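Each remark here refers to the structure printed beneath this line.
The values are calculated or read from the model by the stated rules, or taken from the named source; none is laboratory data. Computed from a predicted structure; not experimentally measured. Note that we place each Cβ from the backbone using ideal geometry, even for glycine, and neighbour counts take in every protein chain shown.
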């Protein structure tokens, strides 16, 4: 049983990787992760040009979370190269990974902590769902409803927002376990045990990202809507980019995706 669990978690491969890169700086480590996973990265939509146009000013990036990890490392690698002060709003387990620890913000539910990072003119990368994408009540795979803290910070600190859509989804096995857990009313996300193995199955695959149009501070101010509603519209826009990579954000977009 122990050997099977060790294999499922790829303990040997991960230990070898972390031993080789334990003392890397943040960018070197992120690039090493991307190289190790051997992704063919395709950037569609507004492209890298949308990032370079904002280079030098603090930006908020918000993205869907189809795989629960590897896509965050890829986006962080791209963003950190252009915005060296960028910080990833992350899960607490990244505290144990030395090369990225200082480049993360962990108290994501405490707006005060996030505001402090914004006060320091750090760009921030959010995965507002807080979880990897799941099968929702409509039977389709999307993020859970997005937390609105990233909109609140963008509004208060007058920071532009860039939405990044990442194509892909976890295997049927993971979603089967999610449905079973919910059926049995188990709160613990036991399906997360498969996420490392899912990541290794992605090695050598194509990872497509779509960068949306810039949502300016003026656009946020003029919307006159709640942070929650604006967040719902941005989540809707993120998934619309899957169908039309050149789509420009329209504040009148109607959020139709279920929250759960």
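Before moving on, here are some points about what is shown:
- Residue count, region 44-55 (criterion: assigned to a loop (DSSP other than H, G, I, E, B) and either within 24 Å of residue 136 (Cβ to Cβ) or out of contact with any helix residue (DSSP H, G or I) (no Cβ under 9 Å at 6 or more places or on another chain) (or both)): 3
- Filter pass, residue 221 being out of contact with any helix residue (DSSP H, G or I) (no Cβ under 6 Å at 6 or more places or on another chain) and within 21 Å of residue 118 (Cβ to Cβ): yes
- Once region 135-165 is narrowed to residues that are under 22 Å from residue 192 (Cβ atoms) and within 14 Å of the chain's Cα centre (by Cα), the residue that is surrounded by the most Cβ atoms within 10 Å (Cβ to Cβ) is 146.
- Among the conditions (1) over 30 Å from residue 58 (Cα atoms); (2) within 21 Å of the chain's Cα centre (by Cα); (3) in a loop (DSSP other than H, G, I, E, B), the only one that residue 193 does not satisfy is (3).
- Residues in region 134-153 that are assigned to a helix (DSSP H, G or I) and either in contact with a helix residue (DSSP H, G or I) (Cβ under 6 Å, 6 or more places away or on another chain) or modelled with pLDDT under 90 (or both): 4 in all.
- Evaluation of residue 74 against (1) out of contact with any strand residue (DSSP E or B) (no Cβ under 7 Å at 6 or more places or on another chain); (2) more than 23 Å from residue 216 (Cα to Cα) (one fails), failing number: (1)
- Any chance residue 97 is modelled with pLDDT of 95 or more and surrounded by 13 or more Cβ atoms within 10 Å (Cβ to Cβ): no
- Looking across 54, 9, one residue alone is within 23 Å of residue 198 (Cα to Cα) and in contact (Cβ under 8 Å) with a residue 60 or more places away in the chain. It is 9.
- For region 63-88, filtered to residues that are assigned to a loop (DSSP other than H, G, I, E, B) and without any contact (Cβ under 8 Å) to a residue 40 or more places away in the chain, the residue that is nearest to residue 164 (Cα to Cα) is 86.
- From 219, 225, residue being surrounded by fewer than 19 Cβ atoms within 10 Å (Cβ to Cβ), free of Cβ contacts under 8 Å to residues at least 60 places away in the same chain, over 18 Å from the mean Cα position of the chain (by Cα) and not in a loop (DSSP other than H, G, I, E, B): 219
- Enumeration of residues in region 89-121 that are under 17 Å from the mean Cα position of the chain (by Cα) and in a loop (DSSP other than H, G, I, E, B): 90, 91, 103, 106, 107, 108, 109
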